[in-house]
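The values are calculated or read from the model by the stated rules, or taken from the named source; none is laboratory data. Given the structure is predicted, the values throughout are model-derived calculations rather than measurements. Please note: Cβ atoms are built from the backbone with ideal geometry, for glycine as well, and neighbour counts cover all protein chains shown. Ligands, DNA and RNA are excluded from the accessible area calculation, which covers all protein heavy atoms including side chains. Shrake-Rupley method; radii C 1.70, N 1.55, O 1.52, S 1.80 Å.
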Amino acid sequence: MYTRYNMPILFKSTWMVIILSFVMFLSFGIYVYFEKQVGDANQLRHLSYKLANRLHQSSDDLTRMARTYVVTSDPRYKKYFHDILDIRDGKKPLPKGYFNIYWDLVLASDQQYDAKGLKSVALLDMMRQSGFTEIEFDKLTKAKIYSDNLVDLELKAMDLVEFAGIDIEANRAKAIMLLHNKSYHQAKATIMEPINEFNDLVETRTLNNMNQSKKYALIFRIIFITITLAIILMLCRFSYLLHITLGSSVNKIHQLIQKIGRNDFSTEINVTQDISNTVLSDLYKMQNKLYTHERERIESEQELRIAAAFFESQEAMMITDSNSIIIRVNKAFTRITGYTSEEVVGQTPRLLQSGRHDKDFYNKMWGIINRTDGWQGEVWDKRKNGEIYPKWLTISVLKDSNGVVTHYIGMHLDISAHKEAEEKVRKLAFFDQLTNLPNRRLFLDRLTQTMLASARSGKYNALLFIDLDDFKTLNDTLGHNMGDLLLEQTAQRLGTCIRKEDTVARLGGDEFVVILNSLGLDKVSAASQTEQIGKKLIMTLNQEYLLGSATYRNTLSIGATLFNGNLVTVENLMKQADLAMYKSKETKCSALHFFDPEMEDAALKHTAFENELRMAIHQEQFLIYYQAQVDGENRIIGAEALIRWKHPKRGLVPPNEFIPLAEQTELIVLIGYWVLKTTCSQLVSWEENPKMSHLIISVNVSAKQFNHYDFVDQVQKILKQTGANPRRLNIELTESIMVSNIEEINQKMYTLKAMGIEFSLDDFGTGYSSLSYLKNMPIDWLKIDRSFVSGVLKYPSAAVIVKIIIMLAKDLDIGIIAEGVETTKQREFLANAGCLTYQGYLSSRPLPLENFEQFVSEYEETIG
């Protein structure tokens, strides 16, 4: 049998297979070469036929063109004759796709073929480049010469016809005879004689080449097949020898080697006597040896790992002897402290002390160690680079069998990251992220502590509320980035104005608070100190700010309240400072105000009244009164809708008592919506009453309501829901609405005007009168304020102003109504000045709906 000692036979077989494979590929290549020679010879034969045929075809085509021209005298055929001749002689390119030149030209009619990009090659040059022998080429040249001689005869015949003059028919007959007589046909036949000889020569040569190439191709095909069969037999023998040598299949041997390479020794190998000297038996022996070695290595590593795992942990470890001399440290110790083993071995742990702990701390620590054989706690130590850091230290005591201390083991856990995380959490929880000042939570805690300390000491303290005026305007105009810069710089300036024991904090937005601690036992002195610090704050914060590239100045409002102890709750104390701050805001400039108990009473009443007003909106406790508007012919043309609040306890509340509050709290938008909806519903109701259907209702709309983002949508919705005629609705606006957003206001007014709604400008002359908005805005009526009307008979200036307003309205083609007309003389003055329409007590007081309808009915009957 074959064993590893027969390996030379296997190697010899391998080399034989390689050599035979090379010979096989060589024979195959030679076989392919001769097959190609057969194809090339065959291709040459086809090419010769094609070129000889083209020479013959061109001669026939020239004959057809000449004969056709002689018979028809059509110059096209003479042109075709010369085109064919030029193509054959290489003076013109052969058109793409042209095979039968004569018929291609005829079918093309008068169209000129596109020869752009085509190359002109003479037929003889093509023959010369095709690899023909000299004798073969001479035959084709001879045929070409015969054809050219025939061309001269054909040209002579065509010239007879072309230059015949009056004897054209006689010349035509001569020309036809020239192209059809025996001499002409013999000349045509002479062309074919060398062409046929050429074809015979090429045929003989190419057939010889093909036969010879086929012969050699057959020989090498046989050689290729024979060698291939030999290789197959050699491969079978090689496979058998390989299997005997390996002792198993190649795949199995490969799998076993892979598993052994992965330290997988679990595969059981059965080695019998007949394969004892094979590769498989050698693998079996190697696997057993590797398995034994791996098992011993694992056991050894486990023992070492158990011994070192505890010491080489992520925690820094230090081992000292009983005298606290360091004898060993681990890698984590070096990583955390920066000291290498060589630098600390032989030293004592005092090398790491930071100085933060005194002698008493270490005495207590060692006392616990000696009593309990251990200690753990937080310690601040120093790294090699001098950095002080916190760590959690655990010390354990090792004793021998007699209970004598032999070693101390210290485990150090660096808790710097934990401390930093705690600090970050504390800052997030207690400090404002923009200004780094204490936030509301920390402020409330410090205020509570200050109140408790004040209760113990009896000293006065102060709480200051600081609000930056017009901060929202800054954000809206310069952007929130500029607003943030202002807040940061304000926080820095506040810190320079207070003492170390005081607290400055940011509650949010542009609101800051200051706690002034320990201002003394005397209230007057405490108030004086608070006022001095407040003035310092105002002076500092009023200085110019640099926000990016822009400079900025702002004012602030400060509210202050003193407190002693905790008699007042934190919430009430903050309310007091807040009320005082709003009192400062009323001055419209930087100011400091102290809290007054009367402020609190007013605030409580204000809050209660606001809640009652909200309830009134919810329960619709409002009424609409109507005041008639009369024209120059004493006819009632409309009415102004005036709201009244029917309070369940106070009775009828006039608008001047609750409208200002509604303006402050944004409730005016809800109230205005209710008034619009109610008056539009009333317009629909009056349409069925002939005496009321012509009336126009004027509704007062506040600036806040008109500037509301969806005011136009609200009006459209109300008109759609109620079905009111918009031409019977007049919206009264005050001049204050014209202060800002002129373009937006103008757009809203024109949108509503397009729906048919009229506009009146109320209280004209008392506010922001401007000719520009009177000219550009769709205003239908000017209402002269009652303050001017009441003074027209008393004060010349009032009379002049009224006359100017009337003249201005006439020049601008705007209607005019006088308000507050109470006497006949006032009306006469207005009428003489040109104002005929008015409203006031002279005609009617504001009346509830039923009374107003009755008044209109009786009034119409009176003047009727």
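Quick notes on this one:
- Tilt relative to the chain, helix 168-178 - C-alpha long axis, 0 to 90 degrees, to 10: 60 degrees
- Given LYS753/LYS803; LYS717/LYS783; LYS427/LYS583, the pairs whose alpha carbons are separated by over 32 Å: LYS427/LYS583
- Listed pairs LYS419/LYS536; LYS677/LYS810; LYS139/LYS182 exceeding 27 Å between Cα atoms: LYS419/LYS536; LYS677/LYS810
- In sequence order, the stretch 500-512 has phi-based couplings of 4, 7, 8, 10, 10, 9, 10, 7, x, x, 10, 9, 10 Hz under the Karplus curve 6.51 cos²θ - 1.76 cosθ + 1.60, θ = phi - 60°, and Gly or Pro positions carry x.
- Separation in nanometres of the label points that stand 7 Å from Cα toward Cβ, at GLU296 and ILE135: 9.2 nm
- Helix 75-88 axis versus longest C-alpha principal axis of the chain: approximately 80°, rounded to the nearest ten.
- Legend: translational diffusion of the stretch 199-255 by Stokes-Einstein, Rh = Kirkwood radius over C-alpha pairs, 20 °C, 1.002 mPa s; D = 141 µm²/s.
- Inverse of mean 1/r across different Cα pairs in the stretch 361-504, Kirkwood, Å: 20.7 Å
- The chain - share of DSSP beta bridges that are antiparallel (%, nearest 5): 70 percent
- Fully extending the segment from ALA189 to ARG499 would add 98.3 nm, taking 0.36 nm per residue of separation and subtracting the current Cα-Cα distance.
- Counting every pair of alpha carbons in the stretch 8-68, the share spaced more than 18 Å apart comes to 67 percent.
- Nearest-0.05 FRET efficiency for GLN258 and LYS12, computed from C-beta distance (R0 30 Å): 0.55
- Shape of the chain, Cα gyration tensor, a/c cut at 1.5: oblate
- Between the stretch 462-490 and the stretch 717-746, the Cα center-to-center distance that results, in Å: 35 Å
- The calculated FRET efficiency for the pair ASN208 and ILE232, based on their C-beta separation and a Förster distance of 25 Å, comes to about 0.10.
- Per residue value of the accessible surface for the stretch 817-864 (all protein chains in place, 1.4 Å probe), Å²: 52 Å²
- Protection proxy ranking, highest mean first, for peptides 846-853, 427-434: 846-853, 427-434, where packing is the per-residue count of other beta-carbon atoms within 10 Å, averaged.
- Per residue value of the accessible surface for the stretch 493-632 (all protein chains in place, 1.4 Å probe), Å²: 50 Å²
- Whole-number percent relative contact order across the chain, with pairs defined as alpha carbons under 8 Å at least 6 apart: 6 percent
- The lysines whose alpha-carbon is closer than 24 Å to the alpha-carbon of LYS399, local same-chain residues fewer than 8 away aside, are LYS364.
- For the stretch 726-849, convex hull of alpha carbons as volume per residue, Å³: 110 Å³
- At R0 = 22 Å, FRET efficiency that the Cβ-Cβ distance of PHE22 and TYR240 yields, to 0.05: 0.45
- Computed label-point distance, nm, for sites ASP596 and ILE168 using a 7 Å Cα→Cβ extension: 13.3 nm
- Segment TRP366-LEU546, length gained on full extension (0.36 nm per residue, minus Cα span): 58.9 nm
- Burial ranking of peptide ranges 556-563, 443-450 (average Cβ count within 10 Å, highest at the top): 556-563, 443-450
- Once the Cα atoms are used to define both axes, helix 655-665 deviates from the longest principal axis of the chain by about 40 degrees.
- Solvent-accessible area per residue in the stretch 122-230 equals 57 Å², computed with a 1.4 angstrom probe and all protein chains kept.
- Sparse-neighbour loop sites [trypsin sites (Lys or Arg not before Pro); the stretch 531-603; at most 13 other C-beta within 10 Å; DSSP]: ARG553, LYS588
- Under Karplus coefficients 6.51, -1.76 and 1.60, residue-wise ³J(HN,Hα) of the stretch 582-591 in Hz, glycine/proline x: 5, 5, 5, 4, 5, 6, 6, 8, 4, 8
- HIS243 accessible area, assembled protein chains, probe 1.4 Å, Å²: 100 Å²
- Accessible surface of the chain, 1.4 Å probe, proportion on carbon and sulfur as whole %: 55 percent
- Difference of contour (0.36 nm per residue) and Cα-Cα distance, LYS794 to VAL121: 230.2 nm
- Taking amide hydrogens as placed 1.01 Å from N in the peptide plane, the amide H of LEU94 sits under 5 Å from those of VAL121, each at least 5 positions away in sequence or on another chain.
- Restricting the stretch 519-582 to GluC sites (Glu not before Pro) that sit in a DSSP loop and have at most 10 other Cβ atoms within 10 Å of their own Cβ leaves GLU544.
- Here the ratio of the Cα radius of gyration of the stretch 430-559 to 2.2 N^0.38 Å is 1.11.
- For the stretch 564-570, putting each phi into the Karplus relation 6.51 cos²θ - 1.76 cosθ + 1.60 with θ = phi - 60° gives couplings of 9, x, 10, 5, 9, 5, 4 Hz, in residue order, rounded to whole numbers and with x for Gly and Pro.
- Taking every protein chain into account, the 1.4 Å probe leaves TYR673 with about 60 Å² of accessible area, to the nearest ten.
- Per-residue ellipticity at 222 nm computed for the chain from its helices equals -19000 deg cm²/dmol, with DSSP H segments shorter than 4 residues left out and the rest contributing -39,500 (n - 2.57).
- Calculation over all alpha carbon pairs of the stretch 616-744 in 10 angstrom steps from 0 returns a P(r) of 11, 40, 35, 13, 1 percent.
- Shape parameters for the stretch 310-404, alpha-carbon atoms, Rg then Dmax in Å: 13.5, 42
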